[in-house]
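S.K.: Starting off with a structure, shown below.
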């Protein structure tokens, strides 16, 4: 299981406290959306979960084990930009993770039958995100929406326990955004990984998330704003069956 | 009347504007050359184009009376070989240093300031040291070019590696690559087209070092020949040689550009830029 827990996690740069006293237990398979104003520490929060930064206080565990000190294949990430490798075609981008993890430490690639199996797997993933026709195109020739779908497929190829999304659809127009939302929802439903998505789009947070966290400062010192960091101020479970249940309530007689 | 900065020349005008100064230079040369030759047919300073053509043809087609070599082709071959060896050696060294320094912070801590200092050493000032260390043979000349271009290329590549988005390096790690595989599959393929660009930009300096080295210690080569002929005021040979070197330099630049487009079709159209 891949339960994510944060115990009293804090992050400070010198005297500036960015995050403080984060306590959280995310059940395996939760889709957690994190919202907050700019500068509320959303990106720092994600960097902590990626091990790009180490928390200055507290501890994070994933599936009961302390979070590894460096980014690794147990966690996948999709950024708003620079999410795919520009020098690889769409298919090669998906193969990247499979090749590196299945090859040996020196060559990091596969040959022969193993390679063919891997290419087939990659083609299936491309199909799942609707990019079969773009298999041999470079990311520079793909639209923003296609690039983000490719990035999702690339990350999911390694079946990460925890999927981290850093405003993945922030640069997309509304139409593309909706397509991407539907796709992400479907992939999440099929695979059941834990997802943490940072976004500043509230409606996105509530349409996708099963749980929405709000990061904000609890305490404020007007004379030295850097003294206190943001914490989780709201932790809202989103109950998808709620509207249905409300509708089934018998009318008041 | 439109503003000057908004006026775009159309195709015929563009061509005319390009050709006008070239024609003006040719006509000026011809006028002065004719005037001098009319006064003294033996004048060597501004030879007629026909004389230059004859001299070049003689250098390219008739074996030298003393050595039996076709001097023009011998000079060209020897010079290009020195240039290629020097630039390749310099570029390879620079690639290793630059990538190591840019990607690996521990390597960068010692390499980065070192490269900054070495890049300040005027390469021609160490030519005497190279001549003492490597003798007056080919090695000293190749080394001068390599040492001359390597620091520039290395620093350029170091910067380019650091410009790679941090997101890509994190992403590579979440996809199972360690330092070595990230270097091999993420950094190197994206740095190679930039290496080609850096080499292209350093070719001007490489020619400078080549000609300087040949002028000082050599027995053949394009640079050697023009400095040898200077003693005889043989402008009829020097001018076509200069034109030939310009042509070679232009061709190398063009070839590297074409190669870059060919080998790295994704380059210049990167995602998210």
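Every read-out reported here was derived from the displayed coordinates using simple, explicitly stated rules and does not represent laboratory data. In this text the structure is predicted, and so the values were computed from the model without any measurement. Note: ideal-geometry Cβ built from the backbone for every residue, glycine included; neighbour counts use all protein chains shown.
S.K.: Enumerate the whole-percent occupancy of each 10 Å bin, from 0 to the last occupied one, for all C-alpha pair distances of segment B:54-103.
M.R.: Spelled out per bin, shortest first, that is 23, 28, 19, 15, 11, 3.
S.K.: Oh, and also: In the Gaussian network model of chain A, springs joining C-alpha atoms below 10 Å, which of A:90, A:122, A:189 carries the largest mean-square fluctuation?
M.R.: Top of the fluctuation ranking is A:189.
S.K.: I need the Kirkwood Rh of segment B:182-255: take the reciprocal of the average 1/r across all distinct C-alpha pairs and report it in angstrom. Please report the intermediate quantities before stating the final value.
M.R.: Working: mean 1/r = 0.0698 Å⁻¹.
Evaluated on segment B:182-255, it is 14.3 Å.
S.K.: Moving to a separate point now. Report the extension gain between residue A:233 and residue A:219 in nm, rounded to one decimal, defined as 0.36 nm multiplied by the number of residues separating them, less their alpha carbon distance.
M.R.: Numbers: separation 14, 0.36 × 14 = 5.04 nm, distance 1.06 nm.
Full extension of this stretch gives 4.0 nm more.
S.K.: Among A:93-103, A:194-204, A:214-224, how do they line up from the highest to the lowest mean number of other beta-carbon atoms within 10 Å?
M.R.: Details: A:93-103: 23.6, A:194-204: 20.0, A:214-224: 12.5.
Per-residue Cβ counts within 10 Å, averaged per peptide and sorted highest first, yield A:93-103, A:194-204, A:214-224.
S.K.: Taking only Cα atoms and a 10 Å spring cutoff, compute GNM fluctuations for chain B and point out the largest among B:19, B:263, B:164.
M.R.: For chain B, modelled as a Gaussian network with Cα springs under 10 Å, the answer is B:19.
S.K.: Per-residue Cβ counts within 10 Å, from other chains only, averaged over A:64-74: what number is that? Display every interim value, and only then the final one.
M.R.: Working: counts 0, 0, 0, 0, 0, 0, 4, 7, 5, 5, 1.
For this peptide, the per-residue mean of nearby foreign Cβ atoms is 2.
S.K.: Taking the Cα centroid of segment B:62-107 and of segment A:52-72, what is the distance between the two, rounded to the nearest whole Å?
M.R.: Each part's Cα centre sits 51 Å from the other's.
S.K.: Say a paramagnetic label sat at a point 7 Å from the Cα of residue A:13, along Cα to Cβ; which residues of segment A:42-84 have their backbone N under 17 Å from it?
M.R.: A:42-57
S.K.: For segment A:83-159, count the residues as N, evaluate 2.2 N^0.38 Å, and divide the Cα radius of gyration by that value, please.
M.R.: Normalised Rg, Cα atoms only: 1.03.
S.K.: Distance in nm between label sites at residue B:125 and residue B:14, each 7 Å beyond Cα in the beta-carbon direction?
M.R.: 4.5 nm
S.K.: Over segment A:37-115, consider all pairs of different Cα atoms and compute the Kirkwood hydrodynamic radius from their mean reciprocal separation; express it in Å, one decimal.
M.R.: Numbers: mean 1/r = 0.0656 Å⁻¹.
Averaging 1/r across every pair of different Cα atoms and inverting gives 15.2 Å.
S.K.: Give me the inter-chain shielding for A:107-113: mean count of other chain Cβ atoms within 10 Å, whole number please.
M.R.: Values: counts 3, 8, 3, 0, 0, 0, 0.
Counting other chains' Cβ atoms within 10 Å and averaging over A:107-113 gives 2.
S.K.: While we're on this one: Do you know the relative contact order of chain B, to the nearest whole percent, from alpha carbon pairs under 8 angstrom that are 6+ apart?
M.R.: Values: 255 pairs, mean separation 61.6, N = 273.
Over chain B, the number comes to 23 percent.
S.K.: Another question about this same structure. For chain A, what mean projected area does the convex hull of the alpha carbons give, in nm²?
M.R.: Values: hull surface 71.9 nm².
For chain A, averaging the hull's shadow over all directions gives 18.0 nm².
S.K.: Shifting gears a bit: Hey, with R₀ at 25 Å, roughly what FRET efficiency would residue B:138 and residue B:229 work out to, going by the Cβ-Cβ distance, to 0.05? List each step's numbers first, then the result.
M.R.: Details: r = 22 Å, r/R0 = 0.88.
So the FRET efficiency works out to roughly 0.70.
S.K.: If r is the Cβ-Cβ distance from residue A:201 to residue B:205 and R0 is 60 Å, what FRET efficiency results, to the nearest 0.05? The partial results should precede the final answer.
M.R.: Details: r = 51 Å, r/R0 = 0.86.
After rounding to 0.05, the efficiency reads 0.70.
S.K.: Same structure again: Say we join alpha carbon atoms closer than 10 Å with springs in a Gaussian network model of chain B; which of B:218, B:50, B:112 then has the biggest fluctuation?
M.R.: B:50
S.K.: Same structure, new question: Report the Cα-based extents of the protein assembly as shown along its three principal axes, largest first, to the nearest Å.
M.R.: In descending order, the Cα extents are 123, 64, 62 Å.
S.K.: Let me ask you something else. May I ask you to derive the FRET efficiency for residue B:44 and residue A:107 from their Cβ-Cβ distance with R0 = 51 Å, giving the value to the nearest 0.05? Don't jump to the answer; show the numbers that get you there.
M.R.: Details: r = 64 Å, r/R0 = 1.25.
Between residue B:44 and residue A:107 the formula returns 0.20.
S.K.: Taking all pairs of distinct Cα atoms, average 1/r, flip it, and tell me the Kirkwood hydrodynamic radius of segment B:72-263 in Å to one decimal place.
M.R.: 18.1 Å
S.K.: Under a plain spin-label model, where a point goes 7 Å from the Cα along Cα-to-Cβ, how far apart in nm are residue B:104 and residue A:143?
M.R.: 4.4 nm
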